[in-house]
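Enquirer: Take a look at this one; I'll ask things after.
The values are calculated or read from the model by the stated rules, or taken from the named source; none is laboratory data. What you are looking at is a predicted structure, and each value in this text was computed from that prediction instead of being measured. As a convention, Cβ positions derive from the backbone with ideal geometry for all residues, glycine included, and neighbour counts pool all protein chains shown. Please note that ligands, DNA and RNA were not included when accessible areas were found on the heavy atoms of the full protein model with its side chains. Shrake-Rupley method; radii C 1.70, N 1.55, O 1.52, S 1.80 Å.
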Amino acid sequence: MAWRVCSVRFVVVWLMLMWHLEARNVEPESYNPPRQTTRHHRRDTSDETNKDPPKHCHGICPQHISATLDSFLSDYDNRIRPGFGEGPTKVQSYYYVTGFGPASEQDMEYTLDMFFRQRWRDERLAFASNSTQNINELVLNSKMVESVWTPDSFFRNGKKSIAHNTTVPNRLLRIDPKGNILYTMRLTVKAKCPMLLNDFPMDVHTCALLFSSYGYTKDEVEFFWYSENGAQPVDCPQSSSRLNQFELINYTWSSYVLHTVSGDYSVLETKFHLRRQMGYYVIQAYLPCVLIVILSQISFWINKEAVPARTVSGIMTVLSLTTLSISTRQSLPKVAYATALDWYMAVCFGFCFFALIEFATVNYFHLKFQKPNANPKEAENEKLARNISFSCSALRKRIFEIRRGEGAFQVNLNDLFRMASGLPFEKERGYKYYARSALSYVLPRRCLKDDARASTPYTTAEITLAQKVLAEVEEQICDAAMTQGGVSRIDELSRVVFPLAFFLFNGMYWFSYLTHQGHEVAYRLMWE
């Protein structure tokens, strides 16, 4: 009986509890609803979720963003610029350079990779309200760009511009609640850079980048440089340089108004100052030129009788320098003026050419002095003087074999020459000898006082005999002299004049161009 009463009480309590829960529409914590397995029931649940968003959304809700975009784009016309009828639209621009270069003097252009950024305000896109007060900024993709007004900026000196579209169009649009817009895009610009190559390869150039509005004048759209928190509007770090021959020494920015036939336009300009690094041209052009010129001057130390050797040396140096000049000029545009490298090669060519002319002069006078004279007495004196002059040549210590009839005897030519001229045998050379030898290159021999001639140890008969012997063996002596060689006074003078002139030319050349380059760099850094 007792268990029946307990069972009834339990049932009553259970029914009251279920009725209470049903009235409050609350499930107990231990209640686990059965898992729905039908596909139709899951689709209906998803549809209900999309149609009925939760009443309480913590943070920024996508539904609010979608509603905001739909609200201010419903009556928005992107064909009309912001602030129409209230003054010009102010566009603030700045960019970050990710890659500068290369620069080509052949095509007169340079390449620039950058993130191009523009800011302006469009009050029609302001969305500040109580419902969206948690949204600080709308970050949108490139599809939204086509729905709003954007400046028609273009690069005035650009030859070719590329907007990157991999994997999607590289564009970014951000809108804050007050309607301030940030528009960013990645570009590769190939712009013109006129270069004056007068100082090549020690030249300094300025490559400009100009952009403005294509259709709006300054009364409708006005451009400004944007600088925030002390940051500069143009940022080109050293790590972004892709220049091989040039060095980016500085870059400046400015703004001005361009007056054209179609109106006045607001223009922003950036100037990149470049200086060429001439290490390549020193190795490939200047150093070979110096070596070729030195090689051409070696011929002054070759005997004047070695005609083939000196001729080949002069012609080969001239042809080598001509070939080097042509190969170096191929990498430059065909300008109508001479560059610094052209002047240097022209002067080096002149040194090689005049070295060849010097040998032609030496050979001409050498042959001229060997022509017979019409006056027999003068001819005999010239022969004797020429033979005696061999005493200063390479034959002065040679033992020469003189043949007379069927016999022959050997004689020291140096002693024979001195005996024929009335000079004593050479025993010891003092300072007077070397002083006379040095003055003999400047003053004629008759102006030099010869102490030995006043007190000659030979008799007149001995001197006459020596002179007759020299006259008889003149041809043999000339043949021997041709094999041993002689030194021309023109060669001796050229050995000093040519190297000294080339050294002075190099000093003046490098001092002039290097100081000019330094002044130009200082000017650009200070004023531009």
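Enquirer: Expected output is a single nm value to one decimal: the length gained when fully extending between Leu504 and Ala67, i.e. 0.36 nm times separation in residues minus the C-alpha distance. What is it? Please list the in-between numbers first.
Expert: Values: separation 437, 0.36 × 437 = 157.32 nm, distance 8.23 nm.
The Leu504-Ala67 span can extend by a further 149.1 nm.
Enquirer: Report the full-extension gain for the segment Ala336 to Asn198: residue separation times 0.36 nm, less the Cα-Cα distance, to one decimal in nm. Intermediate results must be reported in sequence, preceding the final value.
Expert: Details: separation 138, 0.36 × 138 = 49.68 nm, distance 1.03 nm.
Length difference between fully extended and current span is 48.6 nm.
Enquirer: For region 185-343, what does the equivalent ellipsoid look like in terms of its semi-axes, each the square root of 5 times an eigenvalue of the Cα gyration tensor, given largest first in whole Å? Could you put the intermediate results ahead of the total?
Expert: Working: eigenvalues 541, 60, 23 Å².
For region 185-343, the semi-axes come out at 52, 17, 11 Å.
Enquirer: Given Cα pairs under 8 Å that are at least 6 residues apart, what percent is the relative contact order of region 205-349? If you can, show how the numbers build up before the last one.
Expert: Numbers: 140 pairs, mean separation 33.4, N = 145.
It comes to 23 percent, rounded to a whole number.
Enquirer: Quick one: with all protein chains in place, what share of the accessible area of region 213-296 is carbon or sulfur, to the nearest percent (1.4 Å probe)?
Expert: Looking at region 213-296 in its full context, I get 52 percent from C and S.
Enquirer: At Leu525 and Asp219, where each label point lies 7 Å from the Cα along Cα→Cβ, what is the point-to-point distance in nanometres?
Expert: Here the answer is 4.5 nm between the modelled labels.
Enquirer: In Å, what Rg and Dmax follow from the Cα atoms of region 219-276?
Expert: Using the Cα atoms of region 219-276, the pair Rg, Dmax is 15.1, 43 Å.
Enquirer: Another one. So what does log10 I(q)/I(0) come out to for region 122-226 at q = 0.14, 0.20, 0.24 Å⁻¹, using the Debye formula with one equal point on every Cα and no solvent?
Expert: -0.76, -1.17, -1.35
Enquirer: What does the highest-first list of 90-97, 262-269 look like by mean Cβ count within 10 Å?
Expert: Numbers: 90-97: 20.8, 262-269: 16.8.
Going from most to least packed, we get 90-97, 262-269.
Enquirer: Rounded to the nearest 20 debye, what is the charge dipole size of region 270-351 about its Cα centre when +1 sits on each Lys and Arg Cβ and -1 on each Asp and Glu Cβ? Show your work: numbers first, answer last.
Expert: On the way: 7 positive and 2 negative charges, 73 e Å.
Charge dipole of region 270-351: 340 debye, to the nearest 20.
Enquirer: Among the listed pairs Lys143/Lys192; Lys178/Lys271; Lys143/Lys218; Lys218/Lys271; Lys190/Lys334, give every one whose C-alpha distance is greater than 26 Å. It would help to have the intermediate numbers written out before the result.
Expert: Values: Lys143/Lys192 32 Å; Lys178/Lys271 34 Å; Lys143/Lys218 29 Å; Lys218/Lys271 22 Å; Lys190/Lys334 22 Å.
Listed pairs above 26 Å: Lys143/Lys192; Lys178/Lys271; Lys143/Lys218.
Enquirer: Calculated FRET efficiency, Arg489 and Val261, Cβ-Cβ r, R0 56 Å, to nearest 0.05?
Expert: Numbers: r = 74 Å, r/R0 = 1.31.
Using R0 = 56 Å, I get an efficiency of 0.15.
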